[in-house]
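To start, the structure under review is shown below, and the notes come after it.
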């Protein structure tokens with residue numbers, strides 16, 4: 001079978017070669033994946049993104065080469081007799097050519113369809129989202145793997161269902177690829193993401209606000225900064241809902257998303273840390289109450305220009321899958337879990353001193369942790385260091401492990417970079433609204449009474465625990481504040497400056 005003279009050009013030949021080689025490699029990788037497993041994330045990129053690109057590129061080069069060859073012949077005034085093909089299916093040769101061409105076209109269309117689908121599907125996988133941009137996504141992917149949503153796909157929260165948001169995400173992704181390729185991204189990545197899809201269209205696909213259950217008991221274990229790392233426990237009754245689940249969302253923490261009410265607010269800073277205007281609307285009665293910061297009432301012009309945001313899940317649960325714990329939090333948890341030995345004297349204090357420093361890289365942090373812990377116990381507790389070196393090594397491993405899960409120097413990511421608004425210990429969180437400062441016209445304020453959200457039913461050292469019954473509440477006792485100065489400030493005023 002002879003091909004037209006215009007087919008014989010380097011461009012066309014290269015295109016044909018690229019297409020054939022890419023198809024062979026694609027089939028080869030598919031066979032390997034089928035025989036030996038899925039492979040790494042890079043296998044998916046090569047199989048469903050890179051090779052399809054070269055297949056299409058090669059096919060495009062074939063007609064480009066033919067066109068260029070014909071133009072060249074036209075410039076050189078080479079005249080060839082043009083004969084249009086004559087289809088005669090009685091001719092065995094023509095039937096054979098038609099069969100080969102038709103079969104090849106069908107296979108190519110099917111191949112492009114499969115590759116397009118698989119390529120799109122691969123870009124929706126958690127592996128693609130979390131592992132392809134190592135430096136940028138390492139903090140997010142690491143935190144995600146240790147979150148309660150570790151088995152929920154990235155796209156289920158960030159995109160959700162429907163073509164509209166899928167298209168938006170792909171367009172946004174093009175700029176993200178550009179930013180990563182040319183190192184145009186910020187460190188850390190700024191939050192909140194202002195064009196994020198509303199939580200009602202994503203979170204509530206699994207979480208059903210009308211079916212939240214009643215109150216829960218929570219045990220918080222803390223360890224004091226003393227030689228014995230003394231345990232200090234707080235047992236809380238969290239008022240996530242009413243006393244009985246049959247009462248619905250008439251009270252409790254999740255009252256804010258009761259379908260019969262609407263809470264709107266205005267924040268005057270991009271991180272939504274300072275809230276100076278809150279509007280409550282009862283959808284059944286139509287009653288409205290506006291609370292504004294005392295002495296800082298917003299003008300009508302500001303109300304027109306600033307975003308009025310309807311409160312949803314993410315206004316409190318703003319780090320549901322990518323939370324970076326503070327050193328105090330993750331050291332307490334590591335001691336409770338036994339990965340940092342509580343019997344090692346002063347380990348809580350030493351760990352917090354180390355973790356309060358800034359490091360340029362994770363490697364330098366790992367070296368510093370190992371060196372500093374060894375030197376401290378060798379000089380201050382020499383006998384213990386010689387006899388129980390295993391405790392020291394366990395502490396080093398535990399601190400390093402928690403560091404790598406929560407602090408990422410290369411991206412300048414840590415707990416301070418991404419405030420967590422659940423609670424009020426290290427960030428104002430609840431106290432952004434519940435601060436006794438936002439006031440209505442009749443003098444009513446949004447209360448900051450702790451018992452609105454939880455009651456303390458036990459607290460103190462385990463051996464001498466102060467306890468009350470389930471329906472009562474203890475007044476909070478700060479273990480390191482005998483003069484109760486904590487009552488004169490917000491928790492975050494002190495705890496945010498500890499490191």
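Annotations for the structure displayed:
- Among 136-147, 181-192, 445-456, the order from most to least packed when residues are scored by Cβ within 10 Å on average: 136-147, 445-456, 181-192
- Kirkwood radius and radius of gyration were both taken over the C-alpha atoms of segment 327-411, and their ratio Rg/Rh is 0.95.
- Two-decimal ratio, the chain, of alpha-carbon radius of gyration to 2.2 N^0.38 Å: 1.37
- Efficiency of FRET between residue 110 and residue 308 - r from beta-carbon atoms, R0 45 angstrom, step 0.05: 0.30
- Mean separation of Cα contacts under 8 Å (6+ apart) over length of segment 279-385, as relative contact order %: 11
- Relative to the dominant Cα principal axis of the chain, helix 134-145 is inclined by about 60°.
- Using the average count of surrounding beta-carbon atoms within 10 Å as a protection proxy, the listed peptides 9-18, 381-390 rank, highest first, as 9-18, 381-390.
- Counted over all Cα-Cα pairs of segment 127-185, pairs farther apart than 13 Å make up 67 percent.
- Rounded to 10°, Cα long-axis angle of helix 362-380 versus longest principal axis of the chain: 30
- Averaging the sequence gap over all C-alpha pairs within less than 8 Å and six or more residues apart, then dividing by the number of residues, gives segment 193-311 a relative contact order of 17 percent.
- Over the chain, relative contact order from alpha-carbon pairs under 8 Å, at least 6 apart, %: 14
- Between segment 362-424 and segment 216-241, the alpha-carbon center distance in angstrom: 22
- More than 20 angstrom apart: percent of Cα pairs within segment 381-499: 66
- Full-stretch length increase - residue 191, residue 449 - with 0.36 nm per residue and alpha-carbon distance subtracted: 90.0 nm
- When shorter helices are ignored and each DSSP H run of at least 4 residues is given -39500 (n - 2.57), the per-residue value for the chain at 222 nm works out to -13000 deg cm²/dmol.
- Cβ-Cβ distance of residue 493 and residue 166, R₀ of 56 Å, FRET efficiency by 1/(1 + (r/R0)^6): the value works out to about 0.80.
- Nearest 10 degrees, 0 to 90: helix 327-337 Cα axis against the chain principal axis: 90
- Extension reserve of the residue 70-residue 230 stretch, reckoned as 0.36 nm per residue once the Cα distance is removed: 48.9 nm
Throughout, read-outs are computed from the coordinates displayed, never taken from laboratory work. Keep in mind it's a predicted model, so treat the numbers as computed, not measured. Please note: Cβ atoms are built from the backbone with ideal geometry, for glycine as well, and neighbour counts cover all protein chains shown.
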